[in-house]
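In what follows, a single structure is set out as structure tokens and then discussed.
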Amino acid sequence: MAETVSASGVTVDDLAAARERLRQAEAAVDEYGESEARAVAEAYADALDLLSNYEDTATGSGNFAAYVEFEERFVNLVEELPDEFPTRDAFEEANELLDRRRLAVKHFEQARDLLAPAREAVEALDEREAARQHLRETRQAVRRRLSTLDDEIGRRERLLDLGAADLDAPTEQLHDPITAYNQAIADAFERFRREESVRDLLDLVGTTTAYPLVEFTAPPDSLRSYLETAPVGRESLPTVLEYAGYSQSKLDHYVDDPARFRTKVATNETYLARLDATPLTVDWPPPAAGELRRFAEELVAVVARFADESVVAQARRVRDLAFRDDYQRLRQSVVARDELTDGERDRLASGAVETELADLRAERDRLQSALDDGEP
């Protein structure tokens, strides 16, 4: 079984050692020759099978027939070996040892010892396979380590980018319009949710499937179909949710078919209760300029379907932020303030991050070069 190689501590020396182990293992097999080594291993396995199968029955004086059969089979095994067969002498010595009128268990043990030179061929083949597997494991560990190093390097590079941000930039120029819009859209959606019919609300949510960046979960088809035709669909969402909590007897007074209402609405109560303006809000820190621009364009289209013009205007102001020449600088300052810990700022100030980055890059280059040198 091959050793497990840890990716966290694998080094160039480990890779070199694994290759050297395989080189030595291949050289040991080459001393026999590939086909010769396999032939020795096969003959050795056959001899061990005979010794194991007849050790109990061919010893002592209990079973003469088994003794004769064993002697004949072992002699045939040895005589069939070619004259130039590697380790033939070991098989002949074992055969001579076993050529006696009575066999004891100790003779079987001694025969196994005499076959040790043949066992060495088996061990050479096994060691070569183990060395090959170990080299594969080591290469895989190196590749995993390279992947880890790429991640670590990426993190240090990002820290340096954040460290270069202007922490004194006037980020309120982004924060204020985004915060104002988020509050306005939350209020507008809640008002629509409270004042308009649940039917219209689900229609609105359903239309957002045409805007993939506005990530509402589409209403279940059965729910939407039911509310489009049932009179209860004209009620507001808070009212429908209130009905869902009524007892059967009380519900009889408010809906035409309480059983169907429970099947279609009550089973989707969690979905309905979670409908809010979150998919229409802008994250903080805000996304990159291109992403914000595309998202805000979809927001303008969706918001215009239910909110008043003042909220649509605020959505447009958010969209226009992405066109500012200084948007990236302001956003980088926001991200740096949000993500950098005190410890990371200290490491940046001391130059530790640059040192770590240089060390990680050097390790990656060494490992990559060593891996490439040994690849076919």
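The table for this structure:
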| read-out | value |
| --- | --- |
| In region 310-361, the residues that are hydroxyl-bearing (S, T, Y) and farther than 29 Å from L292 by Cα | S350, T355 |
| Hits in region 138-174 - residues which are part of a loop (DSSP other than H, G, I, E, B) and among the hydroxyl-bearing types (S, T, Y) | T171 |
| Enumeration of residues in region 87-117 that are farther than 15 Å from D46 by Cβ, touching a residue at least 24 places away in the same chain (Cβ under 8 Å) and in a loop (DSSP other than H, G, I, E, B) | D99, R102, L103, A104 |
| Scope region 214-229; condition among the β-branched types (V, I, T) and either at pLDDT 95 or above or under 12 Å from L272 (Cα atoms) (or both); matching residues | V214, T217 |
| Contacts under 9 angstrom Cβ, first residue in region 55-78 being within 17 Å of E92 (Cβ to Cβ) and basic (K, R), partner modelled with pLDDT of 90 or more and in a helix (DSSP H, G or I), 6 or more apart | R73/L50 |
| Tally of residues being acidic (D, E) and not in a loop (DSSP other than H, G, I, E, B) across region 275-303 | 3 |
| Lone qualifier among A65, A45 - being farther than 19 Å from E123 by Cα, out of contact with any helix residue (DSSP H, G or I) (no Cβ under 7 Å at 6 or more places or on another chain), among the hydrophobic types (A, V, I, L, M, F, W, C) and assigned to a helix (DSSP H, G or I) | A65 |
| Test set (1) closer than 19 Å to E120 by Cα; (2) assigned to a loop (DSSP other than H, G, I, E, B) - G60 fails condition number | (1) |
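The values are calculated or read from the model by the stated rules, or taken from the named source; none is laboratory data. Being a predicted model, the structure only gives us computed values, none of them experimental. Heads up, the Cβs are rebuilt from the backbone with ideal geometry, glycines too, and the neighbour counts pull from every protein chain shown.
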